[in-house]
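Reading through the structure tokens given below for one structure.
Each value in this text was obtained by applying a stated rule to the coordinates, not by laboratory testing. Fair warning: this is a prediction, and the values are worked out from it, not measured in the lab. Neighbour counts run over all protein chains shown; Cβ positions are idealised from the backbone, glycine included.
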Amino acid sequence: MFGQRVLIVDDEPQLLDVLQTFLKSRGFEVIPGKSCAEAEALWQNARPDVAVLDYSLPDGNVSDLLPRLKALDPNIPIIVLTGYGSIDLAVEVVKKGAENFLTKPAELDTLLVMIQRCIENSRNRQNQIIQKTKRKKVGLDPFLGVSPAIRQLREVVSRVVETDSPVLIQGETGTGKGVLALWLHENSRRRAEPFVDLNCGGLSRELLETELFGHEKGAFTGAVQSKTGLLEIAHKGTVFLDEIGDVDPMVQPKLLKVLEDKQFRRLGDVRDRRVDIRLVAASHHDFHALVRQKIFRSDLYFRISTIPLTTPALRDRIEDIPILAEHLLDRLAEDLGIGSRIEITPGAVTKLQGYRWPGNIRELRNVLERTVLLSSSRRLTESELRFDGSDWIESPRQSSDTKTLDQVEREYIEQVLLSENGKVEAAAKKLGIPRSSLYQKLKQYRSNTGNAHAAHM
């Protein structure tokens, strides 16, 4: 948990000292101020978690100050202190955006409870905004499997999960980049703070800017009110930008400023706002090619790729398919309201392992869901698997006869060797096995072929 910041603005030095000392002893970071002008400057630069403001200040009062503060950031709760307590005054400041109202001399314990409640309520409001996004991805372990590729990914991630450095996750569509991003957040020190995600693919520059940075009222035609951007919503938490390679070149410098200076501006505003986020980005693009083509800034690429991770394609981890299929079927049984467990036959698993999975784990789930919905039993067989939603198809790497796992493995290894132009070292690397192991398997295949020829002589 981060130290919570309290902005206190009061022109009485003695009271300011008492409040600072008390709140610091309770673990808060205190930001003091003495005027409306200081309150406005500290509001946007220091990004407090809650503000405690005296009603009457040398250069104005809170009734006039509140609308200006809420225009800068409507999410920071405010407690108003005053020596002139009245119901009318309390109603007035609450209508203008204050969270609570307390008369002087304020009971310190009462003020402490108010501050804690304001922070809790603010966090609950933020969490409500992001819960829908989180629910879409929760449930699938990004490290489910036993393959060398997934074990290596797990090992790398375990070393960087607690850092605040930007992470770039690369991999094909459907390999679980979003699931890994959420896992990184939920196992980091920011886990109690917001997780906000945005898919940048296909978004226009204008839409992307207003989604990320927000805008002021009147910033453009149709901006009838101010909007808080996702960066502000994610303050102290994690921002996941999927398909970051599609970010418009005009937006890239602004994103770089957020990462380097922790500052940005809303559209239509001239004031910088501070934000504390961890960026997790993802893309299926080749960034070296994008940089060479001047589509993506090299300085932004180097900044977002401090920690590079790669989610492996499903065809490169076929030994994980039985585990993934079992887990996905359990989830489908729950999602579809099926009381009994859904089983899958060994022949069906073998057929799944023989398919290339261009859509990766996402496609595997779709195939399983389609098969479950069309099946008349709770035991899925090889003949029921439907890979394209309309026609029964055979795996590209198997015939209509059921094959053993050894046969599937051999055909897969031969296909990888073919794709690597017969280079054993490159094929072994792609398979995730030692070169010596691949040589041994090839020797065994040649021996078996020789024996088969001998048997027919």
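Strictly over 21 Å apart at the Cα level, which of 227/262; 34/262; 96/254; 34/70 would you flag in this model? From 227/262; 34/262; 96/254; 34/70, over 21 Å: 34/262; 96/254. Expressed to the nearest 5 percent, the antiparallel share of DSSP beta bridges inside segment 138-311 is 20 percent.
On full extension, the segment bounded by residue 383 and residue 37 gains 117.2 nm, given 0.36 nm per residue less the C-alpha separation. Across segment 138-311, Cα pairs under 8 Å and at least six residues apart give a relative contact order of 31 percent. Working ranking of peptides 292-304, 72-84 by packing, defined as the average number of other Cβ atoms within 10 Å per residue, highest first, is 72-84, 292-304. Descending by average beta-carbon neighbour count within 10 Å, the peptides 314-320, 57-63 line up as 314-320, 57-63, the highest first.
Let me check against my output: what whole-number percent is the relative contact order of the chain, with C-alpha pairs under 8 Å and at least 6 apart? Once normalised by length, the contact order is 12 percent.
Note on residue 439 and residue 225: the model spin-label points, each 7 Å out from Cα along the C-beta direction, lie 7.1 nm apart. Relative to the longest principal axis of the Cα atoms of the chain, the long axis of helix 36-46 makes an angle of roughly 10 degrees. Rounded, prolate or oblate: pick one for segment 282-335, where a ≥ b ≥ c are the square roots of the eigenvalues of its C-alpha gyration tensor, a/c under 1.5 means rounded, and failing that, prolate if a/b is larger than b/c, else oblate. Because a/c hits 1.5 or more and a/b exceeds b/c, segment 282-335 counts as prolate. Looking at the chain, send over the antiparallel percent of its DSSP beta bridges, to the nearest 5. For the chain, the DSSP antiparallel bridge percentage is about 15.
Net charge in the neighbourhood of residue 223 (other residues with Cβ under 9 Å of its Cβ; Lys, Arg +1, Asp, Glu -1) is +1.
Scoring 22-28, 281-287 by mean Cβ neighbours within 10 Å over their residues and listing the highest first yields 281-287, 22-28. Taking Cα atoms only, the orientation of helix 62-72 departs from the longest principal axis of the chain by about 20 degrees.
Each residue in 169, 433, 344 was given a count of other beta-carbon atoms within 10 angstrom of its own, and listing them fewest first yields 433, 344, 169. Let a ≥ b ≥ c be the square roots of the eigenvalues of the Cα gyration tensor of the chain; is it rounded (a/c under 1.5), or, if not, prolate (a/b larger than b/c) or oblate? Because a/c hits 1.5 or more and a/b exceeds b/c, the chain counts as prolate. Under the convention that each Lys and Arg Cβ holds +1 and each Asp and Glu Cβ holds -1, the size of the dipole of segment 252-329 around its Cα centre is about 680 debye. Under the combined filter of DSSP loop state and at most 15 neighbouring Cβ atoms within 10 Å, segment 176-249 retains these trypsin sites (Lys or Arg not before Pro): 189, 191, 217. Does segment 5-128 classify as rounded, prolate or oblate by the C-alpha gyration tensor (a ≥ b ≥ c root eigenvalues; a/c under 1.5 gives rounded; else a/b over b/c gives prolate, otherwise oblate)? Since a/c stays below 1.5, the shape of segment 5-128 is classed as rounded.
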